[in-house]
1. Based on what the data block shows, is residue A:164 in contact (Cβ under 8 Å) with a residue 24 or more places away in the chain and under 20 Å from residue A:190 (Cβ atoms)?
2. With respect to residue A:260, determine if the residue is within 12 Å of chain B (Cβ to nearest Cβ) and either modelled with pLDDT of 90 or more or outside any loop (DSSP other than H, G, I, E, B) (or both).
3. Before we move on, is residue B:313 at pLDDT 80 or above, in a loop (DSSP other than H, G, I, E, B) and over 23 Å from the mean Cα position of the chain (by Cα)?
4. For residue A:138, only one of the following conditions fails: (1) touching a helix residue (DSSP H, G or I) at 6+ places or on another chain (Cβ under 7 Å); (2) among the charged types (D, E, K, R); (3) not in a loop (DSSP other than H, G, I, E, B). What is its number?
5. Could you tell me whether residue B:122 is surrounded by 20 or more Cβ atoms within 10 Å (Cβ to Cβ), of a type in the set (Asp, Glu) and closer than 30 Å to residue B:250 by Cα?
Amino acid sequence: MTSVSRAARTAWRTGLHAVPTALGVVVLSFLLLQLAPGDAVDVLAGEAGSATAETMAEMRAHYGLDKPVGQRLVSYLADLAHGNLGFSPRYNMPVTQLIWDRLPGSLMLAGSALVLALIVGVALGVLMAAREGKATDRVLSVLSLIFYSVPAFWIGLMLIVLFSIKLGWLPSGGSQTIGSSATGIAAVLDQLRYMILPTVSLSLFYIAIYARLSRISMIEAKGQDYVRTARAKGLGETHILFRHVLRNALIPLTTVAGMHVGGMLGGSVVIETVYGWPGLGRLAYEAVMGRDFAVLLGILLFSSLLVIVANAVVDVLHGIIDPRVGGNDATK
Amino acid sequence: MSEHFILPRGDGPSLLAVDDLRVAFGEKQPVKGISFEINEGETLAIVGESGSGKSLTALSIMGLLPAGGTIAHGSIQFEGREITTLAPREARALRGGSIGMIFQEPMTCLNPVMTIGAQIIEALRQHQSLSRKAARARALELLDLVRIPDPHRRIDDFPYQLSGGMRQRVMIAVAVACSPRLLIADEPTTALDVTIQAQVLDLIDRLRRELSMAVLLITHDLGVVSQWADRVVVMYAGRKVEQARPDAMFGNPLHPYTRGLLNASPRLGDSYNYIDGPLYEIPGSISSLAGDRGCAFAPRCAHVRAGCRDAVPALATLSHGRQVACPVLLSEENRVTAVDL
């Protein structure tokens, strides 16, 4: 089976699965969120400090929060069917627009962190496997264990202390220089400077995972019979490493990295908060604190769609890397 | 019988000469000094049970000893050139170029994520300067040579799409891709169905003739030896205990271990269910890494004498290149006359 037809089939299957999955996520989240005490009006009223019971009732009526749960769910789903994610009382704008504003920031952060983690993690894993049992391997193993166990927010704060406060090399938060009038390449470079610390903090945990995982799967792959066959062909060690060992060692890595795509968006809640990064994670955090459930539901729906898409992409990638996957023509 | 009894193939010029090879893993020596020669165009079989050191001997020739293993002593000469001390680059030119090797497990010996064509082409282009197109054409020829049906359709298959026998054929195609002078086959049929075994061995034998290469056949299957080998080396606990032509060995085994092996093989005509008694087995188990004094087979030997445990018996050379490392049976005079069968 060609990878193109495989990709098409995966896309079709993903589309079929996405609808019920997303529906389930929305309904479940909607019901669960009803369990949280208070609503957006409580928070708004509390912040205003001068609200009366009448104005609060008026606001609830305005945002439709006074209706019974079932009725609200039905009208939410009806809106959803028309592509309308509702309206945020707190930001006073449509949820769709809020999410679209924040989505690029989140994707950029999670994407760059994932790419960085994969490149550095695999490189370290290959290095550790090559130096198995020697000093390099030991030191890197300990380091990766440390970065694996230390919470991301602490690493984020320590990086700020070191690079922003002590050394003054990098900004401590935000996404671009305030009031900057730079355009073109200068603007991109400015944004890159702001991305470095959040990206590194977010990726360190994943670098540790990928380094350890690729180390162990490299070591396992190196002992396989087909590597001995490759040696018996007289191939050079570099060729064997990349064509035979690494290629096979990457298979478990794609699976794990695929699952991380969703987790990374979740994990970036903390990092986005620490660095004041304008992404979905921070928006979600603010939505929870403000009981802004329409926003939260929208984010949850979006995240679940992202996870579904990421899984489909991984599925296709898997088929390319490992021809045995999904091949149902095993015996012709 | 086939022609080689009249004109023994074993009499060609020497291609590979292994002399007193010892393989060490730290303090332990699983191969304790083995010598043999392979002549051009012949099939030499090394037989022995698991742990006798036969596979390590083969891997030493390839320079592919597992991690921790070293050639502690001895020399291996290939086409008159010492190959144990080659620089890595020269050793790689030899591997897959002049010496090809196939292994026991065709299921795991091919890379699961590369097409079989790519794996053959890779071997070709490592040793010959071929364009991609020419290498692919040659790979198709090789698949045809090893009798893979419909090579054009199969060349882009992945190993999981092939049966065990087919995979072993692909392995053979890889091993003979660069027309080696010597093919080492380490238990090439052990993992295969009995019906496929003969096909694969026939294939190896045909290729030996067509490509005029020599074959070193590592096996524990005496049936394989009797049918396909020109000469047999019997190994026990890292040493050669007997060397003979198959007909001589089967007709008149001279070492107690060889006798034990032959007795332990089921024979046509024996009752299937061993009603007359169980199949013979050699008592005890191999202990190649045990103490080095005396004959390693002595603890299991029915003919053991007082002197057997004192010194390792020397290999006595008889006529027709026959060798045996057991003075006890040789001293039985009636046997000596029968040696030249």
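1. Details: in contact (Cβ under 8 Å) with a residue 24 or more places away in the chain: yes; under 20 Å from residue A:190 (Cβ atoms): yes.
Against the criterion (in contact (Cβ under 8 Å) with a residue 24 or more places away in the chain and under 20 Å from residue A:190 (Cβ atoms)), residue A:164 qualifies.
2. Numbers: within 12 Å of chain B (Cβ to nearest Cβ): no; either modelled with pLDDT of 90 or more or outside any loop (DSSP other than H, G, I, E, B) (or both): yes.
No; evaluated as a whole, the condition is false for this residue.
3. Values: at pLDDT 80 or above: yes; in a loop (DSSP other than H, G, I, E, B): yes; over 23 Å from the mean Cα position of the chain (by Cα): yes.
The answer is yes for residue B:313.
4. So residue A:138 meets the others, but not (1).
5. Details: surrounded by 20 or more Cβ atoms within 10 Å (Cβ to Cβ): yes; of a type in the set (Asp, Glu): yes; closer than 30 Å to residue B:250 by Cα: no.
Here the answer is no, as residue B:122 does not meet what is asked.
One line per residue, one yes/no per condition, for (1) touching a Leu at 6+ places or on another chain (Cβ under 8 Å); (2) in contact (Cβ under 8 Å) with a residue 12 or more places away in the chain:
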position	(1), (2)
B:153	no, no
B:157	no, yes
B:164	yes, yes
B:190	no, yes
B:200	yes, yes
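Yes/no matrix, rows are residues, columns are (1) at pLDDT below 90; (2) buried (at least 24 other Cβ atoms within 10 Å of the Cβ); (3) at negative phi; (4) among the polar types (S, T, N, Q):
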| site | (1), (2), (3), (4) |
| --- | --- |
| B:155 | no, no, yes, no |
| B:170 | no, yes, yes, no |
| B:182 | no, no, yes, no |
| B:190 | yes, no, yes, yes |
| B:201 | no, no, yes, no |
| B:208 | no, no, yes, no |
| B:226 | yes, no, yes, yes |
| B:236 | yes, yes, yes, no |
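Yes/no matrix, rows are residues, columns are (1) within 22 Å of residue A:120 (Cα to Cα); (2) within 13 Å of chain B (Cβ to nearest Cβ):
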site: A:249; (1), (2): yes, yes
site: A:264; (1), (2): yes, no
site: A:269; (1), (2): no, no
site: A:276; (1), (2): no, no
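The values are calculated or read from the model by the stated rules, or taken from the named source; none is laboratory data. Only a predicted model underlies this, so the values are computations on that prediction, with no experimental measurement involved. Methodologically, a virtual Cβ is constructed for each residue, glycine included, from the backbone with ideal geometry; neighbour enumeration extends over all protein chains shown.
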